[in-house]
1. Can you tell me which residue is modelled with the lowest pLDDT among those in region 1-56 that are among the acidic types (Asp, Glu) and under 19 Å from the mean Cα position of the chain (by Cα)?
2. Tally up the residues in region 52-62 that are in contact (Cβ under 8 Å) with a residue 24 or more places away in the chain and under 21 Å from residue 113 (Cβ atoms), please.
3. Could you tell me whether region 20-30 includes any residue that is surrounded by 18 or more Cβ atoms within 10 Å (Cβ to Cβ) and of a type in the set (Gly, Ala, Ser)?
4. If the Cβ limit is 9 Å and pairs must be 6+ apart or interchain, which residue in region 109-136 that is within 29 Å of residue 19 (Cα to Cα) pairs with which residue that is surrounded by fewer than 10 Cβ atoms within 10 Å (Cβ to Cβ) and modelled with pLDDT of 70 or more?
5. Exactly one of these conditions fails for residue 192: (1) farther than 18 Å from residue 168 by Cα; (2) more than 24 Å from the chain's Cα centre (by Cα). Give me its number.
6. Limited to region 7-42, what total is found for residues that are in contact (Cβ under 8 Å) with a residue 60 or more places away in the chain and within 17 Å of residue 67 (Cα to Cα)?
7. In region 169-191, what residues are of a type outside the set (Gly, Ala, Ser) and exposed (fewer than 14 other Cβ atoms within 10 Å of the Cβ)?
Amino acid sequence: MNENDTKRLSRLTAILIQLQTKRLLTATELADKFSVSIRTIYRDIRALEQAGVPIVAEDGKGYTLMEGYRVPPVMFTEAQANALITAEQLVLKNKDTSFIKDYKEAIDKIKAVLKYNVKDKANLLSERLQFRQNNNNEKTSNYLSDLQFALTNFRLTEIKYTNEAQENTSRTIEPFALYSTQENWLLIAFCQLRKEYRAFRLDRIKQLRILNDTFNPHKITLEEYFEMCREKYFPNP
């Protein structure tokens with residue numbers, strides 16, 4: 001399955017969830033929501049129908065699911081739903097916009113299958129939770145989701161990076177790991193320019209492009225990387 005197939009499968013799933021949660025949806029509404037053409041939505045609807053989903057087209061109104069049809073739900077307890085809502089509030093304080101967007105879309109899918117009484121309680125909890133960090137809701141990066149994809153698919157990545165001295169360089173890197181501090185997200189990657197592992201702050205990445213070329217999986221673990229750093233910068237006396 002290539003990247004386009006993955007995106008389409010994700011969109012088909014999202015369309016099905018939207019049809020389940022709303023009475024009627026027009027092709028225009030769906031096209032706007034998923035940033036595709038109306039013709040693409042028509043093809044997606046036909047694909048869902050061919051897969052056995054009973055979609056009803058109401059002339060001049062839009063699409064709806066046949067009465068009584070439901071996607072088999074994943075069942076969550078109230079405590080599990082509350083844990084997800086709590087995590088959502090933490091995520092909303094994150095400084096990477098791509099991460100927030102992806103998590104909110106995932107939470108919307110989960111909320112769609114909650115029982116009404118659990119959903120009402122979850123919505124109430126979300127209104128009564130607040131975390132006193134990043135109070136200004138500052139967003140400093142937008143590359144976390146892309147880097148997660150590059151990391152797990154072993155894809156070489158080109159970045160334009162500005163270091164602490166405000167020097168600009170172009171790098172081809174092999175994403176290895178991601179971790180978060182209170183200030184920023186950081187990427188650990190093998191830098192082909194410097195021929196060693198380096199840490200890059202996501203807020204200093206000015207441009208990013210995932211290449212089609214792949215690299216061999218790194219043979220060290222994250223723990224071994226940190227140990228290597230300790231030995232390099234804090235050698236035993």
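The values are calculated or read from the model by the stated rules, or taken from the named source; none is laboratory data. Since this is a predicted model, take the numbers as computed values, not measurements. Reconstructed Cβ throughout: ideal geometry from the backbone, glycine too, with neighbour counts over all protein chains shown.
1. At the first step, the residues of region 1-56 found to be among the acidic types (Asp, Glu) are 3, 5, 29, 32, 44, 49.
Still in the list and also under 19 Å from the mean Cα position of the chain (by Cα): 3, 5.
Details: 3: 57, 5: 61.
Here the residue is 3.
2. Restricting attention to region 52-62, the residues satisfying the condition of being in contact (Cβ under 8 Å) with a residue 24 or more places away in the chain are 53, 55, 58, 61-62.
If we keep only those that are under 21 Å from residue 113 (Cβ atoms) as well, we get 53, 55.
Residues meeting the conditions: 2.
3. At the first step, the residues of region 20-30 found to be surrounded by 18 or more Cβ atoms within 10 Å (Cβ to Cβ) are 25, 27, 30.
Now drop any that are not of a type in the set (Gly, Ala, Ser), which leaves 27.
Yes; the residues of region 20-30 include at least one that is surrounded by 18 or more Cβ atoms within 10 Å (Cβ to Cβ) and of a type in the set (Gly, Ala, Ser).
4. Taking only residues 6 or more apart or on different chains, the pairs are 118/77.
5. The failed condition is (1).
6. Qualifying residue count, region 7-42: 3.
7. Start the filter on region 169-191 by keeping residues that are of a type outside the set (Gly, Ala, Ser), which leaves 169, 171-176, 178-179, 181-188, 190-191.
Answer for region 169-191, where residues must be of a type outside the set (Gly, Ala, Ser) and exposed (fewer than 14 other Cβ atoms within 10 Å of the Cβ): 169, 179, 181, 182, 183.
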